[in-house]
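Undergrad: Handing you this structure, nothing more for now.
The values are calculated or read from the model by the stated rules, or taken from the named source; none is laboratory data. What you are looking at is a predicted structure, and each value in this text was computed from that prediction instead of being measured.
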Amino acid sequence: MRVKCVICEQVGQLPDHAPLAKKLRNRPIHTYMCEQCHDRITEKTIARIATGNFIFRRSSHPTEEDF
């Protein structure tokens, strides 16, 4: 299955039987992000959390209190 990263628009290939490929086929709202973009966002998020200025926004739903 051919996929395109939503951030860098790099075209990639996923095996047809991979769970991610099935999720993308069955639920078009889900998007694909390449591994490089995913790693870059993870590193930047960790750096923002380390500064102390990062605030987790939680909903007011009652089940959120369990977290």
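Undergrad: Would you point out which residue out of Glu43, Glu64 is modelled with pLDDT of 90 or more and assigned to a helix (DSSP H, G or I)? Please lay out each step first, then the result.
TA: Values: Glu64 fails: modelled with pLDDT of 90 or more.
Going through Glu43, Glu64 in turn, the sole match is Glu43.
Undergrad: Which count do you get for residues in the stretch 27-40 that are modelled with pLDDT of 90 or more and among the polar types (S, T, N, Q)?
TA: So the count comes out to 1.
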